[in-house]
C-alpha cells in the first residue's frame, strides 16, 4: 500500500511549529497533502489534529505520562528514573524523549549484539505509526496496559529521536501544533479542489460531517462532486447552530422583527441527540461523545421519541426528583465522569428539555423554518415529567419578554434564547447568527447573608420524600401591611431526619386554606399558620413574577425571589414570625447585592 | 504442508507457551522433520526468545517437510489455560488451520486460523560470554522478586568468589549473593569478572514463568553485554532468552 515516510510528515510538523502565520501554515499543509498518497491522507490529517479519529467518536489511547515514560524506558534502555528527571527538567515529554534517544541510542536492542546482518532497519511510515497507535487505543480488558506499553515501546524503538518526539507528544495529548480545522479545510481546498472558490462546499460538508480525515479521503478519491453528496447522517454529529447575544429586550425584539419565540435557556448541558433505532448517541456542544455518561437520557429517548430515527437537540438539566426543582449546572457536572456512572445517575438525576429537531426518518429539516421544526419535534416527542419541550412562547412586546425572562431566571434558568419566527429561520449549522439571540444578564449577583423566613405552606414530596413534604413555601414579613409575602420554594438542605419530621413539626399549624395574612400567587398543597422560622441561604436574589415579596418595588409587575434557596439546618424556634427577615430588608439586600460581571 | 505432534505433558507445554507469551505477541513456529523451533523478538526488540524442541521430546511426531505456523500467543495461552493435570496436547496443521487438541477425560479440539507474520529471519545469537552460572531457578526467581521491591533495573555481578544479583534505587539497596559453597549454585565459571544491568520488567517476565518449566537455569553474561538465560526442558530441548543490557 502506498504510504508516506513518517520522517517527511515530521519535517512539515517542525516547519509548522516554527511559523506563526496562518498563510504559511496553509502552504506547508498543501505541500504535505500533495505529497501524501490517498490511502493515508486521512491518517496524516488525524495525526496533525492530535487525534486518531474525530473527537466525537470518543476513542481514547488510554496512555498517560506514566505509561508513556515506561514505554520510552523500554525502548531506549534508559532507566525510568533518568527519564523522569529529564522530563522534569525539560517539561515536555516529547523533547525529553528526543534527548534521551539521541544520547542513548546505542546498545538498546538485542539485535545490536547478535552480529545481526539481517536485522532490518525499517523506516517508519505514517501508516505504521497510525496503525500502531490505533492498536494501542483498541487494546482493552485484562492486560491492556501491558499491551499498550509494549506496542508504544515497539514504535519508539523504530523511531528516530525526532520522530519519537512527535509520537510522544501525540500520545500524551500535547501536540499543540495550533492548526485550526479551518486551516486544514483551506489547505484541502488549495491542494485538491482548485483553491478558495470551492472552500464553501468543503465547509458545508464539514458542518454536516465534521471529520476532516474522511472529507480529505472523499475529496482525493471522488473530487468535489463527492463532497457535494454529503448529507446529514444519524450517528454523525452536525456542528451546532450558535446564538448571538444582547442584553436588552427592546434590542432583541427590534432585531427579530418585533415578534419572536422566547425559550427558556436552561442551566444545563446542551446535547445533540441521535436516535438510530434502539441506538442513542449523545454529543455535547463541542461534539464530545457523552453517551456513556447519560444512560438514563438514552433510555428516555428510546422510550419517548416516537420516530425510528431522529436528530434532536435539547438541554440536559439536573433536578431534585423530590421537589422537582431544577439544579444549577455545577450539579450536572458530577455526571461527566467515566466511572461509577450508575451511582452518579442515581445521585444526580436529570431532565431533558428539547428545543430543536434536525432530522426525522430520512428527512433533513435544517433548511426548514423553526416553527416547522418545532412542529415536527412536538409530533415525535411523547412528553413525560422527565422529557418535555423547553418552555417557550411567542412574544411581541418587551413587557412580556421581560416577564418571561424573570420567570426563567427565578426558576433557575440562565435566561432566554429568542429565536426568529420568519420564513428564513433555518438551522444554520456551525454558524453564530442573528436568527437566535441569547437574552442573559450581564452580571450574576451573590447572596452573602442568610435570611430567616417563615414557612407559610408546603408541597407534597415524591419518590423518597413520598408521604412527607418535598418543599416549603417560604415568606418574608412585611410590617407595613402585617402580611407574609412569599419569596421562594425551598426543598434543599434538609437532612433525612428533618424531612421525616416535617409533617409532625407543622401538624399544629396546618389549615385548610391560605392564611389571611399570607400573600401568595403560588398555590401550595398544604397551607400553614405563619409560625415557624427557618434560616435560609441562596445563590442570589432575583426578580420574579411568581413571588409577592417586594412586588413592584424594583420593577412594575415583578417581585423578588431567592434563587437556589437552601435550608442551613438552623430552625429558628427562638424567633416569632414577625421577627423574620422583612420585605424591606430583602429589597435592600437585592439592591446591595454584589454584582459579578459575567464574561461575555 | 502438514504435521502433527503430541506433547505428553500438557501442563509443561502450557508453561512453555506462557513463558514465551510473556514477551511475544505473535511468532512463527518452524516445524521440520527434526523438531520444532521458534525464534522471535519482543516488540521492543530488547529481548529474543529461542526455543528448540527435538522430535524426540514428543510422544508422537510426524512431519514430512518444513512447515511455518504463525500464531498469536495470547490466544494460544488462553486455550492452554484450559489444560488439566495429566492432559496431553496435540497440534495439527491441515488445510490452513491449526487444530489444538487437549486430550484428557474428553478430547477438546480448538481450531485457530493461521496468521501471516512477516518472516524476519533472525541470526543465530553469538556473544562472547565471560561468566557462566548454573543455579536453581527458584532461587533466581526469589532474588528477582526481591529486586523488584527496590528498583526497575537489576545488576548481575560475577567475580572470582561469587555471583551476585543486586538492585539499587533511592528506596534502598538489595544484594543477593550466591557463593561457591551456597547450595543454590550448581556450576560456576568466570573467565573474566563481569558486571551488567538489565530491565527488571523483562527479567521478571522471563524468570517467573520459566522457573516453572525447569528446576535449573544457566545464566551467561559479560560486562555490558546481553544475558542469556537457558532453561532445559525436562522432556528434551531448551528455551533460551537473550536480553539486551541497560546502559546506566
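Numbers at a glance
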{"read-out": "Which listed residue is under 26 Å from the mean Cα position of the chain (by Cα) and touching a residue at least 24 places away in the same chain (Cβ under 8 Å), from A:402, A:364", "value": "A:364"}
{"read-out": "Enumeration of residues in the stretch A:272-301 that are without any contact (Cβ under 8 Å) to a residue 40 or more places away in the chain and either buried (at least 18 other Cβ atoms within 10 Å of the Cβ) or not assigned by TED's automatic domain parsing to the domain that holds residue A:344 (or both)", "value": "A:280, A:282, A:284, A:298"}
{"read-out": "Selected residue [within 11 Å of chain B (Cβ to nearest Cβ) and either modelled with pLDDT under 75 or part of a helix (DSSP H, G or I) (or both)] from A:132, A:86, A:102", "value": "A:132"}
{"read-out": "Qualifying residue in the stretch B:78-93 (condition: within 14 Å of another protein chain (Cβ to nearest Cβ), over 17 Å from the mean Cα position of the chain (by Cα) and assigned to a loop (DSSP other than H, G, I, E, B))", "value": "yes"}
{"read-out": "Subset of the stretch B:25-44 [assigned to a loop (DSSP other than H, G, I, E, B) and free of Cβ contacts under 8 Å to residues at least 24 places away in the same chain]", "value": "B:34, B:43, B:44"}
{"read-out": "Top-ranked residue of the stretch A:155-173 - restricted to ones that are touching a helix residue (DSSP H, G or I) at 6+ places or on another chain (Cβ under 7 Å) and in a loop (DSSP other than H, G, I, E, B), ranked as nearest to the other protein chains (Cβ to nearest Cβ)", "value": "A:159"}
{"read-out": "Hey, residue B:146 modelled with pLDDT of 90 or more, surrounded by fewer than 16 Cβ atoms within 10 Å (Cβ to Cβ) and out of contact with any helix residue (DSSP H, G or I) (no Cβ under 6 Å at 6 or more places or on another chain) or not", "value": "yes"}
{"read-out": "Flag for residue A:195 being at pLDDT 95 or above and away from every other protein chain (no Cβ under 14 Å)", "value": "no"}
{"read-out": "Residue satisfying condition, being under 14 Å from the mean Cα position of the chain (by Cα) and either in a helix (DSSP H, G or I) or free of Cβ contacts under 8 Å to residues at least 24 places away in the same chain (or both), within set B:207, B:217, B:240", "value": "B:207"}
{"read-out": "Any hit, the stretch A:240-250, residues being crowded, with 21+ Cβ neighbours inside 10 Å, touching a helix residue (DSSP H, G or I) at 6+ places or on another chain (Cβ under 9 Å) and at pLDDT below 95", "value": "yes"}
{"read-out": "Hits in the stretch B:37-57 (condition: more than 13 Å from residue B:20 (Cα to Cα), in contact with a strand residue (DSSP E or B) (Cβ under 9 Å, 6 or more places away or on another chain) and either surrounded by fewer than 23 Cβ atoms within 10 Å (Cβ to Cβ) or more than 11 Å from chain A (Cβ to nearest Cβ) (or both))", "value": "B:53, B:54, B:55, B:56, B:57"}
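Conditions tested, residue by residue: (1) closer than 24 Å to residue B:24 by Cα; (2) at pLDDT 90 or above; (3) within 14 Å of chain A (Cβ to nearest Cβ).
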residue: B:174; (1), (2), (3): no, yes, no
residue: B:182; (1), (2), (3): no, no, no
residue: B:192; (1), (2), (3): no, yes, no
residue: B:205; (1), (2), (3): yes, yes, yes
residue: B:223; (1), (2), (3): no, yes, yes
residue: B:228; (1), (2), (3): yes, yes, yes
residue: B:234; (1), (2), (3): yes, yes, no
residue: B:240; (1), (2), (3): yes, yes, yes
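The values are calculated or read from the model by the stated rules, or taken from the named source; none is laboratory data. None of these values were measured; they are calculated from a predicted model. Methodologically, a virtual Cβ is constructed for each residue, glycine included, from the backbone with ideal geometry; neighbour enumeration extends over all protein chains shown.
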